[in-house]
Structures are given as C-alpha cells and as structure tokens.
Amino acid sequence: MGRWGAFMSETGLQKLAFFVLVLLILFVSIAGGV
Amino acid sequence: MDQGSYRGAVRTRAGGRVNLLFIAPLPLIWRAFTGGPSELLFNLIALGVLLLAAWLTREGIQAQEAYDARKVARRPGLPRKMLASLLTGAGLAVAGFAASGGVIEPVIYAILGTVLHSFAFGFDPLKDKGMEGVDQFQTDRVARAVDKAESYLAGMSDAIKRAGDRQVEARVERFQTSVRDMLRTVEEDPRDLTAAKKFLSVYLMGARDATSKFADVYARSRDAGARSDYMMLLSDLEENFVAKTRSLMDNSNTDLEVEISVLRDRLQREGVRLDNNA
C-alpha cells in the first residue's frame, strides 16, 4: 500500500473512479445495461 | 456540554460518498418485480451482493482508518475492501446477466466494476506493522482480560438499573463506551495489556462497586448529593480511561501516575478499597 497510498490517496483519479463506478452501478441497475 | 468529547477526532471517510454505493443499486428492486421469476431471483441476488459489497467497503475503510491511526497494528483478518471490489464486480455481472442473459456483457461489467472499485478505494493493508515480538500467547491473555472487563461492565449496567434514573444510566453507558474503546485498543495490540491491566481490573472493579453502592443509596434516599458525586466519579474515570487509551494508541509511555493517584483518592473517598489487589 505504501507507494500506492501516496500515489492514490484522495487524488482526482480516485474520485473519478468512484463516480464512474456509481454511474456504472446506476446504469446497470436502471437500464439493465446494453 | 461535555468537554473534550471531540478532542482529537478525525472525520471518517466512511460516510458521505460511500453511502452512494448503498443507494445506487436500489433500482434493482424495481427491475426485480417487473420481470419474470428468474429476473426476480437474479436481480435480488445482484442487489444483495452489491449491498454487501457497499457494507464491506465501509467496514474496510473504517478498518483501514483504525490501522492508520495506530503505530502498531495487525493486518485486518479479512481484506474487506478487496473482497468488496470482487463482490461489486460479481453483483454487476449478475444484474447484467438478469437483463441480457448473455455471457459477454456480465463479464465486461464484472471487470469494470472490480477495477473501478479497486481504483476508488485502494487495497487493504496486507501487512502487520510493528508486530515484532508479539505472540499468540499474548492474545489469549488479552482475551481473558477483556472477558473480565466486560463482566465488570455488565455488572455496572445491572447495578445502575436499581437506581432507576435514566440520566445516570445514559451516563454509565457513555462511560462504558470509553472503556470499550480501550478494550478494542488492547485487543488490537496485546502489548498494551501490561499498561492497561490496572485500568481493566482494579479501576473497573472499583467503578462497579461504587455503582452498586450508589444504586442502593440512591434508590432509598434519592440523595442529589450522592448523585452528583457519582456523576463526578464517572467523569473522572472516563477522563482517565480516555487519556490512557490515547496514550496506548500513541504507544508512548506517558506516565499517568498523577491522574491515577487522584483517581485512587477519589475512589477511596467513595468507600471503595483498592489496596488488596493491583
């Protein structure tokens, strides 16, 4: 976790990944995907 | 206003955004009950798996915060965040399968979900830190000490009910919370036990005895003086437990002898004897 922690902690990348994940879950659960 | 209850508090990252993970899969309920029986089954499974993943994510973040807060810590028994990443992928795959019935789409969702979740939340700490020289034998000693402390706490709860005063009961509960903080700290690092032993045996026993005496007196006489004395005693004790817990977590050998002697005097004034065991 050492290097990763410094690299990833609360960076924009992390936030972006989180919101894309939430959108993906919403997309799959509302539209069933595809 | 209780002074100091927020001292040193750090905002947890387990709230707020993570709650979105609980909300996002909820539309699956609607999908579950608008399709056929197999859709019902798969969508409910997907919902359950995604909610479990969200819960594990939150637990994992809390575990990591506890890990980061300590100088000495054992790695989590269950790598919760990594498991949550896998479950998020699995949940999405099941939901995708329920909708499409295909194979390719679920696989894509599974990979995307797992990768995104890992990026968003990172991995669990996988190594113990500062655990050299701690053996399994120590953890057994800790388990015994914690059991004993819990039995004192249970005795306090029982006794204070006799007093029949809800406010005092709530105060006792708050005191017990700070004691449990110490128990968790000791459990996580058995080396703390030596330093905390007196707190978990003598002082807790004193607290329990004082509680049962107070409950008897107060149930009979409703004496406001006894009540305020008892509340003061709890405050003193709580302060000491909180301070000791913090010093355990810092792993420093801060000496609390001054506070301890004040506390000892206090307990003796309440008629609790401490000299027969240490």
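The values are calculated or read from the model by the stated rules, or taken from the named source; none is laboratory data. Just so it is clear, the structure is predicted and the values come from calculations on it, not from any experiment. Because the Cβ atoms are built from the backbone with ideal geometry, glycine has one as well, and the counts that use them run over all protein chains shown.
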TODO: Only one of these is surrounded by fewer than 18 Cβ atoms within 10 Å (Cβ to Cβ), small (Gly, Ala, Ser), over 27 Å from the mean Cα position of the chain (by Cα) and not assigned by TED's automatic domain parsing to the domain that holds residue B:246: B:48, B:102, B:89, B:96. Name it.
DONE: B:102
Task: residue B:189, sole failed condition from (1) surrounded by fewer than 19 Cβ atoms within 10 Å (Cβ to Cβ); (2) within 18 Å of the chain's Cα centre (by Cα); (3) acidic (Asp, Glu) - done: (1)
Task: Extreme residue, modelled with the lowest pLDDT, among residues of the range B:192-204 that are under 20 Å from residue B:269 (Cα atoms) and surrounded by fewer than 19 Cβ atoms within 10 Å (Cβ to Cβ) - done: B:198
Open item on the list: Give me the residue from the range B:223-238 that is acidic (Asp, Glu) and under 16 Å from residue B:174 (Cβ atoms) and, out of that set, nearest to the chain's Cα centre (by Cα).
Closed with: B:238
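Filter the range B:20-45 down to residues that are buried (at least 17 other Cβ atoms within 10 Å of the Cβ) and either over 12 Å from residue B:99 (Cβ atoms) or in contact (Cβ under 8 Å) with a residue 12 or more places away in the chain (or both), then give me how many there are.
From the range B:20-45, those buried (at least 17 other Cβ atoms within 10 Å of the Cβ) are B:21, B:24-25, B:27-28, B:31-32, B:39, B:42-45; that's our starting set.
Remaining after also requiring either over 12 Å from residue B:99 (Cβ atoms) or in contact (Cβ under 8 Å) with a residue 12 or more places away in the chain (or both): B:21, B:24-25, B:28, B:31-32, B:39, B:42-45.
Final tally of qualifying residues: 11.
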TODO: Within the range B:77-84, identify whether any single residue is touching a Phe, Trp or Tyr at 6+ places or on another chain (Cβ under 9 Å), surrounded by fewer than 19 Cβ atoms within 10 Å (Cβ to Cβ) and either at pLDDT below 90 or on the phi < 0 side of the Ramachandran plot (or both), and answer yes or no.
DONE: yes
Task: From B:215, B:170, B:207, residue being surrounded by fewer than 19 Cβ atoms within 10 Å (Cβ to Cβ), among the hydrophobic types (A, V, I, L, M, F, W, C) and either out of contact with any Asp or Glu (no Cβ under 8 Å at 6 or more places or on another chain) or assigned to a helix (DSSP H, G or I) (or both) - done: B:170
